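J.: Handing you a structure now.
The values are calculated or read from the model by the stated rules, or taken from the named source; none is laboratory data. Keep in mind it's a predicted model, so treat the numbers as computed, not measured. Don't worry about glycine lacking a Cβ; one is built from the backbone with ideal geometry, like all the others, and counts go over all protein chains shown.
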Amino acid sequence: MPCKALALSFLGLLALSSACYIQNCPIGGKRAVLDMDIRKCLPCGPHNKGRCFGPNICCSEELGCYMGTSE
């Protein structure tokens, strides 16, 4: 009996330790990472001279950074 209780406790702890927590869950769940294509950062800004650094953030050496604009 103690051996079964120990095995069940171990399996329970293993299930909890591999959970997908709110702060580190990818959008779509933990299985969505396998299906996600790696997206490259496209050129942005005037004449496509900048590089994106996040959603709605585009920076270039000549013009600085645009935030929250359509460029």
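J.: For a quick check of your reading of the model, give me the residue pairs whose first member lies in region 39-57 and is hydrophobic (A, V, I, L, M, F, W, C), whose second is at pLDDT below 80, with beta-carbon atoms closer than 9 Å and at least 6 apart or on different chains.
T.: Sorted first by the residue in region 39-57, then by its partner, the pairs are Cys44/Glu71; Cys52/Cys41; Cys52/Leu42; Phe53/Cys41.
J.: Let me ask something else about it. When region 45-71 is examined, which residues are found to be loosely packed, with under 14 Cβ neighbours inside 10 Å and of a type in the set (Ser, Thr, Tyr)?
T.: Listed by number, the residues that qualify are Thr69, Ser70.
Here's the yes/no breakdown for (1) at pLDDT 80 or above; (2) in a loop (DSSP other than H, G, I, E, B):
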position: Cys3; (1), (2): yes, no
position: Leu6; (1), (2): yes, no
position: Leu14; (1), (2): no, no
position: Pro26; (1), (2): no, yes
position: Leu34; (1), (2): no, no
position: Asp37; (1), (2): no, yes
position: Phe53; (1), (2): yes, no
position: Cys65; (1), (2): yes, no
position: Ser70; (1), (2): no, yes
